[in-house]
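Laboratory data are not the source of any read-out in this text; all were calculated from the coordinates shown. It should be emphasised that the depicted structure is a prediction, and the values quoted were computed from it without experimental measurement. Backbone-built Cβ (ideal geometry, glycine too); neighbour counts: all protein chains shown.
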Amino acid sequence: MHARSSVERRIRFSKDKADLQGGGKKYWIVWVNTAVTEEGPRYDGAAASEMIINRELRRGYKILADHVAKMEKALKGQVVLDALDDRSRQILREFLAAADPGQWERANPELKAQLPAD
């Protein structure tokens, strides 16, 4: 779980957005937990953390402690997606529904409520 994604490789991270000199692209890391119920597996918990990367400077912004705390909440079945904008919520909803329609159907009601259709 300590590996870096291809987006994060060769990037030096800081807790200070000023290190990006006003540039960069925003990414969301979304932790999604699944649980097995009597009806079958379902999406149970989810939490989103912000990350900004400036490729030109090879610098990035993220708060690792926030990422760890959010991952822990997702693993406990909590849903913490309040930081996501509407477009990101729609993308996440479409992804989860397409990745496994059955798990989406059985998903935690709170997750579905935070990811409404349109």
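Considering the range 9-26 alone, what residues qualify as being under 16 Å from GLU56 (Cβ atoms) and of a type outside the set (A, V, I, L, M, F, W, C)? The answer is ARG9, ARG10, ARG12, SER14, LYS17, ASP19, GLN21, GLY22, GLY23, GLY24, LYS25, LYS26. Restricting the range 37-79 to residues that are out of contact with any Gly (no Cβ under 9 Å at 6 or more places or on another chain) and assigned to a strand (DSSP E or B) leaves a set whose member that is nearest to PRO109 (Cα to Cα) is TYR43.
Taking each residue of the range 93-104 that is within 14 Å of VAL32 (Cα to Cα) and looking for partners that are among the small types (Gly, Ala, Ser) and part of a helix (DSSP H, G or I) with beta-carbon atoms closer than 8 Å, six or more apart or interchain, yields TRP104/ALA97.
Restricting attention to the range 5-30, which residues are part of a loop (DSSP other than H, G, I, E, B) and either free of Cβ contacts under 8 Å to residues at least 40 places away in the same chain or surrounded by 12 or more Cβ atoms within 10 Å (Cβ to Cβ) (or both)?
SER5, SER6, VAL7, GLU8, ARG9, ILE11, GLN21, GLY22, GLY23, GLY24
Being out of contact with any Phe, Trp or Tyr (no Cβ under 7 Å at 6 or more places or on another chain) and either within 30 Å of ALA107 (Cα to Cα) or not aliphatic (A, V, I, L, M) (or both) is a property that does not hold for VAL32. Across the range 83-99, the qualifying residues are those that are among the aliphatic types (A, V, I, L, M) and out of contact with any strand residue (DSSP E or B) (no Cβ under 8 Å at 6 or more places or on another chain), and the one among them that is surrounded by the fewest Cβ atoms within 10 Å (Cβ to Cβ) is ALA98. Restricting the range 31-81 to residues that are closer than 20 Å to PRO101 by Cα and without any contact (Cβ under 8 Å) to a residue 24 or more places away in the chain leaves a set whose member that is surrounded by the fewest Cβ atoms within 10 Å (Cβ to Cβ) is GLU38. The single condition from (1) out of contact with any strand residue (DSSP E or B) (no Cβ under 9 Å at 6 or more places or on another chain); (2) at negative phi; (3) of a type outside the set (D, E, K, R) that GLY40 fails is (2). Restricting ALA98, ALA83 to those that are small (Gly, Ala, Ser), within 26 Å of ARG4 (Cα to Cα) and assigned to a helix (DSSP H, G or I) reduces the list to ALA98. Filtered by the rule that a residue be over 17 Å from VAL68 (Cβ atoms) and touching a Ser or Thr at 6+ places or on another chain (Cβ under 7 Å), the range 14-41 gives a lone residue, PRO41.
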